[in-house]
1. Limited to segment 49-78, what total is found for residues that are more than 13 Å from the ligand (Cβ to nearest atom) and either touching a helix residue (DSSP H, G or I) at 6+ places or on another chain (Cβ under 7 Å) or under 24 Å from Leu29 (Cα atoms) (or both)?
2. Just name the residue that is nearest to Asn44 (Cα to Cα) out of those in segment 104-120 that are within 11 Å of the ligand (Cβ to nearest atom) and surrounded by fewer than 18 Cβ atoms within 10 Å (Cβ to Cβ).
3. Which ones in segment 31-67 are farther than 13 Å from Met142 by Cα and either crowded, with 20+ Cβ neighbours inside 10 Å or touching a His at 6+ places or on another chain (Cβ under 7 Å) (or both)?
4. Is it fair to say Met70 is assigned to a strand (DSSP E or B), at pLDDT 95 or above and surrounded by 17 or more Cβ atoms within 10 Å (Cβ to Cβ)?
5. Quick check on Val14: is it part of a strand (DSSP E or B) and within 13 Å of the chain's Cα centre (by Cα)?
6. Can you confirm whether segment 75-87 contains a residue that is closer than 18 Å to Ile139 by Cβ, assigned to a strand (DSSP E or B) and more than 12 Å from the chain's Cα centre (by Cα)?
7. When the residues of segment 131-150 are narrowed to those that are among the charged types (D, E, K, R) and surrounded by 10 or more Cβ atoms within 10 Å (Cβ to Cβ), which ends up farthest from Leu71 (Cα to Cα)?
Amino acid sequence: MNSFNELLQNRRSVRQYTEQKIEREKLDLILQAALMSPSSKRCNPWQFVVVDDHEVLSKFASCRTYGSKMLEQASAAVVVVVDASLTDTWQCDGAIAAHNMLLAAADLGLGACWVQVYNREGAEQMIRQELDIPESLNILCMISLGYKNEERKPYDLQKLQYDKIHYERY
Ligand SMILES: Cc1cc2nc3c(=O)[nH]c(=O)nc-3n(C[C@H](O)[C@H](O)[C@H](O)COP(=O)(O)O)c2cc1C
């Protein structure tokens with residue numbers, strides 16, 4: 001990947017993975033990316049639980065009716081846990097860390113996808129129970145990770161929604 005813009009253009013949600021396991025060094029780079037996220041007042045309200053047990057991932061694949069099936073094939077998932085008692089910006093802080101991981105995975109040529117957990121059916125409860133996450137912490141999302149088994153088209157710069165941009169006034 002040559003430039004940051006190319007990385008952004010090529011980062012797409014990937015939901016099909018091969019059986020190949022992600023190497024520990026690559027997972028470490030993805031987690032380092034999360035730990036370098038900016039957060040409000042640098043309160044770093046997040047914590048990350050790495051899951052690579054296929055049985056647990058399979059269980060999490062059905063934590064939602066739609067939107068979590070890719071975990072069945074995933075090599076690993078990083079569960080993003082955030083302490084809302086530390087800051088009212090906890091969702092923003094958690095989302096930035098999650099997105100840093102999506103970018104790091106894309107940079108490594110891996111497939112990744114956000115799986116929303118917070119406010120989604122009983123997903124939070126199931127994951128909390130399985131991973132012993134205290135009630136005092138919110139579970140924002142999971143980032144599913146794996147070697148790609150599908151090719152997604154990069155964003156076409158000509159087709160971006162430029163009409164969403166306003167100058168000087170709305
Ligand atoms: C806050 C948020 C929640 C999302 N939740 C899910 C989800 O639960 N399941 C899923 O498959 N994709 C989920 N996505 C991925 C989006 O569907 C995806 O980013 C969007 O369709 C744009 O596609 P792209 O990522 O390929 O650019 C989520 C993305 C965000 C930012």
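The values are calculated or read from the model by the stated rules, or taken from the named source; none is laboratory data. Worth saying up front: this structure is predicted, and the values here are computed from it rather than measured. FYI the Cβ positions are ideal-geometry reconstructions off the backbone, even for glycines, and counts take in every protein chain you see.
1. Going through segment 49-78 one residue at a time, the tally reaches 13.
2. Tyr118
3. Once the filter is applied, which keeps residues that are farther than 13 Å from Met142 by Cα and either crowded, with 20+ Cβ neighbours inside 10 Å or touching a His at 6+ places or on another chain (Cβ under 7 Å) (or both), segment 31-67 yields only Pro45.
4. Against the criterion (assigned to a strand (DSSP E or B), at pLDDT 95 or above and surrounded by 17 or more Cβ atoms within 10 Å (Cβ to Cβ)), Met70 does not qualify.
5. Taking the combined requirement at face value, the residue does not satisfy it.
6. Yes.
7. Glu150
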